[in-house]
1. Among the residues of the stretch 69-89, is there at least one that is of a type in the set (S, T, N, Q), over 12 Å from the mean Cα position of the chain (by Cα) and more than 17 Å from T170 (Cα to Cα)?
2. Does D77 qualify as being in contact (Cβ under 8 Å) with a residue 40 or more places away in the chain and among the acidic types (D, E)?
3. Does A160 qualify as being closer than 14 Å to K8 by Cα, in contact with a strand residue (DSSP E or B) (Cβ under 7 Å, 6 or more places away or on another chain) and of a type in the set (A, V, I, L, M)?
4. Is at least one residue of the stretch 111-119 touching a residue at least 24 places away in the same chain (Cβ under 8 Å) and at positive phi?
5. Looking at the stretch 91-103, is at least one residue closer than 25 Å to G157 by Cβ and of a type in the set (G, A, S)?
6. Would you pick out the residues in the stretch 35-49 that are under 23 Å from P89 (Cα atoms) and of a type in the set (S, T, Y)?
7. Select from the stretch 1-29 the residues that are open to solvent by less than 60 Å² (accessible area, probe 1.4 Å) and in a helix (DSSP H, G or I) and list them in ascending order.
Amino acid sequence: GDALVLTKPLGIGITTTAIKVGAAPDDLVAAAVASMTASNAVAARAAITAEATGCTDVTGFGLLGHLMKMAAASEVDAVLDVAAVPILPGVRALAESGILPGGSKRNRDWVAPSVDANGHDEIDVLLLADAQTSGGLLFGAEPERARAAVAELAAGGVSATVIGTVRTGTGRITLR
């Protein structure tokens, strides 16, 4: 019954790959640098205040990889609202043009047995598996507390979004 909160947008891996090949627009580079250099301290305090039932940072294994491990250890299944997951502006277009890091592809392959894509295209899944550097926090909390944490973070200038829910299960992730 917990809600899942994510505190930074995804897309760092794709952005850094685009930088390497000279395809990253300046505004995307600036947004990625701002995201990577933003501390998770305020988000961590908000998770504690919300009495988070579990928390991880989202880094090299991507959102799906970290969520899969967290869900399996907690004996829950997660339902992700793909449209609610924040992605850095312009990253989807880069991914659609074929700019994808090898690590994100390996993450996607690793989580595939645990993910029900429900008709979402491969780009959606790859974005959710994108390897992050200094990514945000992912935490679960009672829905009202999660919404209060998101509002508190927004008031403090920190991006945060409720991206899904959890229920009793075995570590599966369903995309909706």
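The values are calculated or read from the model by the stated rules, or taken from the named source; none is laboratory data. On a predicted model such as this, the values are computed, not experimentally measured, just so you know. Cβ: placed from backbone, ideal geometry, glycine included. Neighbour counts: every protein chain shown. When the accessible area is computed, the model is the full protein with side chains, heavy atoms only, and any ligands, DNA or RNA have been set aside. Shrake-Rupley method; radii C 1.70, N 1.55, O 1.52, S 1.80 Å.
1. For the stretch 69-89, residues of a type in the set (S, T, N, Q), over 12 Å from the mean Cα position of the chain (by Cα) and more than 17 Å from T170 (Cα to Cα): absent.
2. Against the criterion (in contact (Cβ under 8 Å) with a residue 40 or more places away in the chain and among the acidic types (D, E)), D77 qualifies.
3. On the way: closer than 14 Å to K8 by Cα: yes; in contact with a strand residue (DSSP E or B) (Cβ under 7 Å, 6 or more places away or on another chain): yes; of a type in the set (A, V, I, L, M): yes.
Answer is yes for this residue.
4. Scanning the stretch 111-119, I find at least one residue that is touching a residue at least 24 places away in the same chain (Cβ under 8 Å) and at positive phi, so the answer is yes.
5. no
6. Selection gives S35, T37, S39.
7. Selection gives I12, G13, I14, T15, T16, T17, A18, L28, V29.
Conditions tested, residue by residue: (1) more than 20 Å from T53 (Cβ to Cβ); (2) touching a Cys at 6+ places or on another chain (Cβ under 6 Å); (3) touching a residue at least 40 places away in the same chain (Cβ under 8 Å).
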position	(1), (2), (3)
L100	yes, no, yes
D130	yes, no, yes
E144	no, no, no
A148	no, no, yes
G156	yes, no, yes
T161	no, no, yes
T168	no, no, yes
L175	yes, no, yes
